[in-house]
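Heads up: the structure comes next, in structure tokens.
Rule-based calculations on the coordinates, nothing more; no lab input. Since we're looking at a predicted model, the values are computed, not measured. Neighbour counts run over all protein chains shown; Cβ positions are idealised from the backbone, glycine included.
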Amino acid sequence: MDSEEKWDLVVKPQVSVFDLNLKEVWRYRDLLILFVKRDIVAVYKQTILGPIWFVLQPLLQTIVFNFVFSSSFSRSINGCPYFLFTFCGIACWNYFAECLTNTSNTFIANSSIFGKVYFPRLISPLAIVTSSVIKFLIQFVFFIVMLIYFIVIGRVGMEISWSVFLVPLLVILMAMLGLSIGITISSLTTKYRDLRFLIAFGVQLFMFVSPVLRPVTPEAVNAKKHFIEMLNPMASILEAFKFIFLGNGTGTLSWPWLLYSTGFAFLTFFLAVIIFNKVEKSFMDTV
Amino acid sequence: MSNNVVIKVEGLSKHYLLNKSAKQKSDTLYGNFIDGVKNIKNITKKREKQDFWALKDVSFEIEKGDRVGIIGRNGAGKSTLLKILSRITPPTKGRIEITGNVASLLEVGTGFHGDLSGRENIYLNGSILGMTKAEIDAKFDAIVDFSEVEAFIDTPVKRYSSGMYVKLAFAIAAHMDPDILILDEVLAVGDAAFQKKCIDKINDLSSSSGRTILFVSHSFSSIRSICNKGLYFDSGKLMDVGPIDTVITKYQRFVKETVAQNINVNVKPLSSTGEWDVGTDLSVEVSWERGRFAPGWHCDLAFYTFDGVKILALQSQMFSEFSSYGEYNAAEFIIQNVGFASSDLRMDVGIRKDIDTPYEIVVENCATVSPSQKSLPLYKRQDVIIVPKATCKAIKI
């Protein structure tokens, strides 16, 4: 009589780490939407410019980096305007970095909610990624507008080909990498808050070793350096992204390295899911 | 009978490892620097841990339509039980089986975002509590109506008064539609009229649709008005299950017995009606064994509302009459009700050698006092706590 099926819910000490309970996540989809809305709307409450900031912020960053790096890097990108090149890199990087830093903070930032109400915890990293995608898309549209302008005035050639279909994959890969690294860090920050101070610094450092403001060292120039730089899973993604929109010379589309990044992303994602499931159960007692 | 069981708890235990903080933490920034450097050296060392069982081998069953009041002293394990039932933290051992969907309200206004308007927060908070958008759409008007904040529904909630904030939050919670509703001290919100409205709403929910309710509170009056069944916890163990009145009686007897071993507390209103009405005095007589406590010791009282807010603390050495007696084994406090809100207050008693020594004994929850405002006209009744007029003198019994 007391068979498992009789009960709607059984609370037990240990649940399998692979048990993601996606059905329940689906049941809470309205909450996901509202979290996304909250993250986006609340950011520009009480600002005058409102959502314009989503574009203005990377734009200002681009202007600053232009002042600093334009002279040293603009010759190596095959005549492409350095401004456009940097904006493209920064938009992608901010998107990745936001996924990373926000998910790494998810348990601590939400501890007051997590401590009082149950809902599938997976909702909050999902919400972070979704709102980051939306912000990225806004910046992406702006980038396309700028690109068209530069094409019209003849500064950039029309080089868009079938490879544009790779863009959704690249966007997903960047989110997966950010999310996975972020979740791995989040499992440690619940115990050691020290890491929160290191993340901002680490992400900044990571940006300068990634091809954000400059292209990767070409293989022909220094094969060893090229190899080391490409080991960074973000490198081939950023390179491909720039290649697709800004043409050859600004980036390269390297299938083997892209495959490497894809494998890397899926592997860390898999690990992150396990870590998340483990931390989710116990963090309320440690946070 | 057994197929009516909606919650079945078997051998439930919850274990925590507490860090033993061996030495006093420094309270200067410089001292913290030094501590930080020391911590780096000790990072690989295992810190000493202390076992703590918040719940130990608890088993019970709850049937459909039961309205269960959970009582016990602070730290008895009530909130831990609710947290496990609400799936916020997993149990260490044992299992719980539940039929029907559960909504728990361990706090009102969870996830409220100050920058969002009341309207946006209704949707956000409702979804956090497990409602779908369609459900909230359907109940939106009823929620706004119940909350009494209709005029400010498009104002960011950070501009709300704290009363409006909790009213809106409770209104959302009151419109959840679960089979099992778990409540933790949440009724301590708003003014007396709003509290009554909430209790009525809960009673209405449970009687009209046979909803099961689990309710933690220190207020016996609100537990009595809602619950028909009681669970009584002490130090993580389930001490008694049964009809609410028997459980409360047993709990009170237990508390009295613990008190009797060490000190005696006698509380009585000094008014003709037997109520502690505004303007009348309450006598609290605390006496203790002569052998254990020497003359010259101090006796302190503290009053808390049932959601744990300390509203009044009296120390015997505050009163000049107290020290003029040499040998005494009791203290009598006379406290005037200068306008306490009409809600139950629980009283803690502590006895110690001197004002800066730790308490030799503390008896939590040794009495419940119920101030009333009956003699005041309605417009003069208030929630504000005013410093009372009180005296205390040493006596000999």
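Calculated [222 nm] ellipticity per residue, helices only, for the protein assembly as shown: -14500 deg cm²/dmol; basis is -39500 (n - 2.57) per DSSP H run with n ≥ 4, divided by all residues, nearest 500. Between B:Lys353 and B:Phe254, the FRET efficiency from the beta-carbon distance, with R0 = 30 Å, is close to 0.60.
Other protein chain C-beta atoms within 10 Å of residue C-beta, averaged over A:33-41: 4.
Projecting label points 7 angstrom from Cα along Cα→Cβ for A:Leu169 and B:Thr246 puts them 7.1 nm apart. Contact order, relative form, for segment B:5-253: 27 percent (alpha carbon pairs under 8 Å, 6 or more residues apart, mean separation divided by residue count).
Segment A:Leu259..A:Val221, full-extension length gain: 11.4 nm, with 0.36 nm per residue of separation and the alpha-carbon distance subtracted.
Taking square-rooted eigenvalues a ≥ b ≥ c of the alpha carbon gyration tensor, is segment B:5-253 rounded, prolate or oblate, where a/c under 1.5 means rounded and, failing that, a/b exceeding b/c means prolate? All intermediate terms of the calculation are to be shown ahead of the outcome.
Working: a/c = 2.04, a/b = 1.23, b/c = 1.66.
It comes out oblate by the Cα gyration axes.
Residue exposure proxy: B:Asp277, A:Asp285, ordered by other Cβ atoms within 10 angstrom of their Cβ from fewest to most, comes out as A:Asp285, B:Asp277.
Relative to the dominant Cα principal axis of chain A, helix A:194-209 is inclined by about 30°.
What the Cα atoms of segment B:44-161 give is an Rg and a Dmax of 19.3, 59 Å. Where both bridge residues fall in segment B:5-253, DSSP classifies roughly 55% of the beta bridges as antiparallel.
Placing +1 on the Cβ of each Lys and Arg and -1 on the Cβ of each Asp and Glu in segment B:50-195, which of B:Gly72, B:Gly130, B:Ser86 has its Cα farthest towards the positive end of the resulting dipole? Of B:Gly72, B:Gly130, B:Ser86, it is B:Gly72. Computed over segment B:115-262, the P(r) tail beyond 29 angstrom holds 28 percent of alpha carbon pairs. The shape of segment A:99-233 can be summarised by an equivalent ellipsoid whose semi-axes, obtained from the alpha carbon gyration tensor, come to 34, 21, 13 Å from longest to shortest. Contact order, relative form, for chain A: 26 percent (alpha carbon pairs under 8 Å, 6 or more residues apart, mean separation divided by residue count).
Between B:Lys64 and A:Ser161, the distance separating the two model label sites (each 7 Å from Cα on the Cα→Cβ line) works out to 6.7 nm.
From other protein chains only, count the Cβ atoms within 10 Å of every residue's Cβ in A:117-127, then give the mean.
Taking all residues of A:117-127 together, the mean is 3.
The dipole here belongs to segment A:22-285: it is taken about the Cα centre, uses +1 on the Cβ of Lys and Arg and -1 on the Cβ of Asp and Glu, and is about 460 debye. If only the Cβ of Lys and Arg carry +1 and only the Cβ of Asp and Glu carry -1, the dipole of the protein assembly as shown around its Cα centre is close to 1620 debye. The residue list B:Gly118, B:Ile34, A:Ser131 was ranked by how far each Cα lies along the charge dipole of the protein assembly as shown toward its positive end, using unit charges on Cβ atoms, and B:Ile34 comes out on top. Between B:Asp35 and A:Ile52, the simple label model (points 7 Å from Cα in the Cβ direction) yields a spacing of 4.8 nm.
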